[in-house]
Amino acid sequence: MTDIVKRDELAPAAAGSSFPDLVGRFLASLDRRESTKATYRRALKPFGQWVNEAAPSGPLTAETVLNYKKDLVGRHLAPHTINVYLTAVKRFFAWSEGAGLYPDIAKNIEPMKRERKFCKDALTPDQVRQLLRSIKTKTAIGKRDFAIVNLIINTGLRTIEVIRADRGDIVNRGDATVLYVQGKGRDAKDDFVVLEPFTLAAINKYLRTRGTVPAGAPLFTAAGNRNVAGRMTTRSVSRLAKRAIERVAPGNPRLTAHSLRHTAVTLALLAGATVQEAQAFARHSDINTTLIYAHNIDRIGAAPEKKIAALLRAS
């Protein structure tokens with residue numbers, strides 16, 4: 001890849017450095033988790049490629065970043081995806097200015113505006129029942145897949161929380177059995193979800209296929225040739241969930257592994273949980289996120305479309 005930092009407007013401190021070199025220095029300056037740094041690295045790579053292939057020659061300016069944003073929009077990427085790329089670019093140039101390497105040309109670039117609504121759908125109760133019935137549990141992998149999908153639907157876990165779980169995170173608390181979880185953006189397993197008997201039974205059936213499982217071992221393990229008995233990845237959990245969803249709702253791009261979490265929160269509200277209870281259940285830091293679920297349920301339940309149809313049928 002051509003080095004965008006070979007342009008003559010860069011400060012002497014950057015001379016001889018490649019763009020990946022500067023990205024490496026930027027990432028090294030961050031007090032963030034390695035996973036966050038990896039996200040920044042992936043998000044900055046397309047910018048370097050675009051500058052080399054599409055940007056006019058000469059100094060990089062705010063117009064350069066603005067044109068990059070327009071290119072991302074022109075590719076019909078989701079607003080959230082575009083914002084991930086732009087945030088990385090903005091953070092990089094803020095760092096470069098502070099380090100005396102290059103002015104912050106991205107500081108006035110605005111992120112994409114996003115509506116407060118979800119891009120993924122939830123399954124209906126009937127679809128959930130069909131989904132669980134569709135997973136064959138005669139094999140160890142089948143028992144694992146059923147336990148994972150059932151766990152997400154009944155507890156609202158995120159895929160990252162599923163793969164972080166260890167066998168020893170399941171403990172008794174009072175008269176309940178709970179699973180301690182390390183939530184998104186957390187450094188410790190400082191929250192928990194309640195495991196109802198059916199959910200716990202499915203996990204135990206799977207664990208019995210593995211024999212004696214130490215407390216520090218992953219709760220769910222991979223079965224692929226490259227990672228046998230190792231910790232699963234979020235991608236592998238997403239794939240197995242999507243395969244299961246495809247059996248009951250084929251061809252719907254708005255139904256993904258994350259839809260199972262949406263489904264859990266929606267089912268909690270439909271079952272009578274208050275918004276505050278649903279917020280605690282989903283571990284939402286902002287109650288407005290939970291209110292979106294409640295609004296969607298109210299919108300459908302009190303839909304004027306139903307009133308119009310009833311009126312016309314009565315006419």
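Report yes if some residue within the stretch 133-146 is under 29 Å from Arg243 (Cα atoms), out of contact with any helix residue (DSSP H, G or I) (no Cβ under 6 Å at 6 or more places or on another chain), among the polar types (S, T, N, Q) and outside the structural domain of Leu27 (by TED's automatic domain parsing); otherwise report no.
Yes, because at least one residue in the stretch 133-146 is under 29 Å from Arg243 (Cα atoms), out of contact with any helix residue (DSSP H, G or I) (no Cβ under 6 Å at 6 or more places or on another chain), among the polar types (S, T, N, Q) and outside the structural domain of Leu27 (by TED's automatic domain parsing).
Just to check your reading of the model, which residue among Arg239, Arg247 is more than 30 Å from Thr212 (Cα to Cα) and among the charged types (D, E, K, R)? Let's see the steps before the verdict.
Values: Arg239 fails: more than 30 Å from Thr212 (Cα to Cα).
Being more than 30 Å from Thr212 (Cα to Cα) and among the charged types (D, E, K, R) holds for just one of Arg239, Arg247, which is Arg247.
Among (1) touching a Phe, Trp or Tyr at 6+ places or on another chain (Cβ under 9 Å); (2) closer than 27 Å to Thr290 by Cβ; (3) outside any strand (DSSP E or B), which single condition is Ile152 missing?
All conditions pass for Ile152, except number (1).
For the stretch 222-238, does any single residue satisfy the condition of being buried (at least 16 other Cβ atoms within 10 Å of the Cβ), within 23 Å of Ala176 (Cα to Cα) and either at pLDDT 90 or above or not assigned by TED's automatic domain parsing to the domain that holds Lys136 (or both)?
Scanning the stretch 222-238 turns up no residue that is buried (at least 16 other Cβ atoms within 10 Å of the Cβ), within 23 Å of Ala176 (Cα to Cα) and either at pLDDT 90 or above or not assigned by TED's automatic domain parsing to the domain that holds Lys136 (or both).
Being outside any helix (DSSP H, G or I) and either closer than 18 Å to Arg129 by Cα or not basic (Lys, Arg) (or both) is the filter here; which residues of the stretch 240-269 pass it? Outline the logic, then answer.
As a first pass, look at the stretch 240-269 and keep what is outside any helix (DSSP H, G or I): 249-256.
Selection gives Ala249, Pro250, Gly251, Asn252, Pro253, Leu255, Thr256.
What helices (runs of 4 or more DSSP H), lying completely within the stretch 1-107, carry at least 1 residues that are over 30 Å from Asp187 (Cβ atoms) and modelled with pLDDT of 85 or more?
The qualifying helices (runs of 4 or more DSSP H) are 34-53, 62-74.
Answer yes or no: is there a residue in the stretch 153-162 that is crowded, with 21+ Cβ neighbours inside 10 Å, free of Cβ contacts under 8 Å to residues at least 60 places away in the same chain and either under 17 Å from Thr234 (Cα atoms) or not aliphatic (A, V, I, L, M) (or both).
yes
Filter the stretch 167-192 down to the residues that are over 21 Å from Leu267 (Cβ atoms) and under 20 Å from the mean Cα position of the chain (by Cα), then identify the one that is modelled with the lowest pLDDT.
Checking each candidate, the answer is Gly185.
A quick yes/no check of all residues on (1) touching a residue at least 40 places away in the same chain (Cβ under 8 Å); (2) under 18 Å from Leu27 (Cα atoms); (3) not small (Gly, Ala, Ser):
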site: Val51; (1), (2), (3): yes, no, yes
site: Leu60; (1), (2), (3): yes, no, yes
site: Glu63; (1), (2), (3): no, no, yes
site: Tyr85; (1), (2), (3): yes, yes, yes
site: Lys90; (1), (2), (3): no, yes, yes
site: Asn108; (1), (2), (3): yes, no, yes
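Against the conditions (1) over 21 Å from Lys136 (Cα atoms); (2) in contact with a strand residue (DSSP E or B) (Cβ under 9 Å, 6 or more places away or on another chain), where does Leu219 fall short? Just the number, please.
(1)
Taking the options Gly216, Gly211, Gly272, name whichever one is in a loop (DSSP other than H, G, I, E, B), out of contact with any Cys (no Cβ under 8 Å at 6 or more places or on another chain) and not assigned by TED's automatic domain parsing to the domain that holds Leu131.
Gly272
The values are calculated or read from the model by the stated rules, or taken from the named source; none is laboratory data. This is a predicted model, so every value here is computed, not measured. Every residue, glycine among them, receives a Cβ derived from its backbone with ideal geometry; neighbour counts consider all protein chains shown.
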